[in-house]
Amino acid sequence: MAQVKLNNITKIYDGDVLAVDNADFEIPDESFTVLVGPSGCGKSTLLRMIAGLEEVTEGDIYIDDERVNDIPPKERDIAMVFQNYALYPHMTVFKNMAFGLKLRKYAKTEIDSRVRSAAEILSISHLLNRKPKHLSGGERQRVAVGRAIVRQPKVFLFDEPLSNLDAKLRVQMRMEISRLHDRLNATIVYVTHDQVEAMTMGDQIVVLNEGKIQQIADPATLYHKPANQFVGGFIGTPPMNFIEAQVEKNDTISQLRFEDFSLELPSSLQSVIRDHSGDSLTFGIRPEDIHVSEDGINQILTHVELVEPLGNHALLYLRTEKNSFVAQTNLSDLPQHNTSLTVSFDTDKVQLFHPTTGESLTSM
Ligand code: ADP
C-alpha cells in the first residue's frame, strides 16, 4: 500500500472556475481518508486529480515518493470505484472481474486465483457465472469493488460508490467496505457528500467547502472541536444550533446576551468571551446538549412547536420570542406541542464562533 501527498494543489477549470484551492495534506499509508462536503465543493475533482483523470493546475501529487502529475492514470497503480460502475452486461461476473487483468496480460492462473480470492472476500463466489442483469444492486456493487480488488492497487479511490443504493443496502455496504479496509490494510480515499458515511467510515476526514479545506481530523474531533461554523453545521444531524449573541461584561463575570435571554458561561470560557467584550459572536450548541430541566442557572423558558418521536430519542423544536432551536431528548415522558417547557443549555459544551470569519474561538 502507499501514502499519497498533495502539495498545494489547485485546480482551475476553463480559466475561471476555482474547483480546488490550495489543498495541502497527506493521506497516510493504510488510512481510510474521506473527502466530504456539499455538492460542488471540489471533492470529486480532488479524487480525479489523484487518479490522473484531471490535470493539476498548480501543485504536486506524490504517491509514495513518486511525483505522479505527469504519469497517466493506468500507470499510477490505483483502482477506482465509481457511483456508476458500468459492468459489461454480456460478461459473467468472473469475466467482469478478470477483464482489467486480462488487458494487462496477466497469466491465466494468476487471474483465476485473484478473482476467486476477491470473490471470497466479497462473498460473491456463488455468483461468478452469472451475468450482471441477474444480480441485485448490492451484488453489482460488490462486483464493481471486486474489479478494483483484483488489481491489488497501491491506493483505492471510491467516488460516491453507494449513492445509487437504497438506504438499507447503503448501511450494509458501508460496513462491508469498512471491513474490506481492515482486511486488505488498504489505503482508501473515499468521496461522499454524506456526513454520516464520512463519520462512520473514515479514520481521517477532510471537510471541504467551496474548494477549500475546512478541517482535517478524526470523527470525534470534527464533532466536538469543529474548526469553524461550517464544520459545526455540516457534521451532525440534526445540525448544531447557531444563535447570534452579544458579549456583555458585568463587574466580575462576562455573560452572553441573546435577543431574549442571557447565559452565564463557565470559567473555562470566561477568558474567550472577555477578549470579545462588547462584540457579537455566534453561539453554537448541539441538540443533545440542550436538556429538559428545571435545575441549574441557565434556564430558558421555551414554547414547544413540534415534537418528533424517533423511537429511542425525540427531537423538540423549541422557540423563545426571538429565537428557535432544536433539542434532542431521551425522555420517555415527552412534552406536548404548543406547551411551555423549561430547558437548560449545557454550557460546558458550547462552541463560540467569530461572527464574520466563522472561525471557532473555543476549539483551539
Ligand atoms: P463535488 O464532487 O464536490 O460535487 P466537483 O469536484 O465535481 O464537486 O466540482 C467542483 C466545482 O468545479 C464545481 O463548481 C463544478 O461545477 C466545477 N466543475 C467540475 N467539473 C468541471 C468541468 N469539467 N469543467 C468546468 N467546471 C467543472
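The values are calculated or read from the model by the stated rules, or taken from the named source; none is laboratory data. These numbers were taken from a predicted model, which means no experiment stands behind them. Quick reminder, even Gly has a Cβ in these numbers, built from the backbone with ideal geometry, and neighbours come from all protein chains shown. Note: accessible area is taken over every heavy atom of the protein model, side chains too, but ligands, DNA and RNA are not part of it. Shrake-Rupley method; radii C 1.70, N 1.55, O 1.52, S 1.80 Å.
Ala119 passes every criterion in (1) modelled with pLDDT of 90 or more; (2) under 27 Å from the mean Cα position of the chain (by Cα) apart from (2). Determine whether Gly284 is touching a residue at least 60 places away in the same chain (Cβ under 8 Å) and either over 28 Å from His337 (Cβ atoms) or assigned by TED's automatic domain parsing to the domain that holds Ser344 (or both). Yes. In the set (1) among the β-branched types (Val, Ile, Thr); (2) part of a loop (DSSP other than H, G, I, E, B); (3) in contact with a helix residue (DSSP H, G or I) (Cβ under 6 Å, 6 or more places away or on another chain), the condition left unmet by Ile71 is number (3).
Taken over segment 191-244, the criterion of being part of a loop (DSSP other than H, G, I, E, B), buried (at least 22 other Cβ atoms within 10 Å of the Cβ) and under 10 Å from the mean Cα position of the chain (by Cα) is satisfied by Gly202, Ile235. Candidates Glu259, Glu288: the one that is of a type in the set (D, E, K, R) and in a loop (DSSP other than H, G, I, E, B) is Glu259.
Has segment 158-165 got at least one residue that is at pLDDT 90 or above and assigned to a helix (DSSP H, G or I)? Within segment 158-165, not a single residue is at pLDDT 90 or above and assigned to a helix (DSSP H, G or I).
One line per residue, one yes/no per condition, for (1) within 16 Å of the ligand (Cβ to nearest atom); (2) without any contact (Cβ under 8 Å) to a residue 40 or more places away in the chain; (3) of a type in the set (A, V, I, L, M, F, W, C):
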position: His181; (1), (2), (3): no, no, no
position: Asn185; (1), (2), (3): no, no, no
position: Thr192; (1), (2), (3): yes, no, no
position: Thr200; (1), (2), (3): no, yes, no
position: Val206; (1), (2), (3): yes, no, yes
position: Lys212; (1), (2), (3): yes, no, no
position: Asp218; (1), (2), (3): no, yes, no
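If you check Tyr106, Tyr88, which single one turns out to be open to solvent by 30 Å² or more (accessible area, probe 1.4 Å), away from the ligand (no atom under 16 Å from the Cβ), in contact with a Pro (Cβ under 8 Å, 6 or more places away or on another chain) and of a type in the set (Phe, Trp, Tyr)? Being open to solvent by 30 Å² or more (accessible area, probe 1.4 Å), away from the ligand (no atom under 16 Å from the Cβ), in contact with a Pro (Cβ under 8 Å, 6 or more places away or on another chain) and of a type in the set (Phe, Trp, Tyr) holds for just one of Tyr106, Tyr88, which is Tyr88. Would it be correct to say that Thr10 is open to solvent by less than 70 Å² (accessible area, probe 1.4 Å) and either more than 10 Å from the ligand (Cβ to nearest atom) or within 20 Å of Ala148 (Cβ to Cβ) (or both)? In short, yes. When residues of segment 21-56 are filtered for being more than 17 Å from the chain's Cα centre (by Cα) and either within 12 Å of the ligand (Cβ to nearest atom) or surrounded by 17 or more Cβ atoms within 10 Å (Cβ to Cβ) (or both), how many remain? The number of residues fulfilling the criteria is 10.
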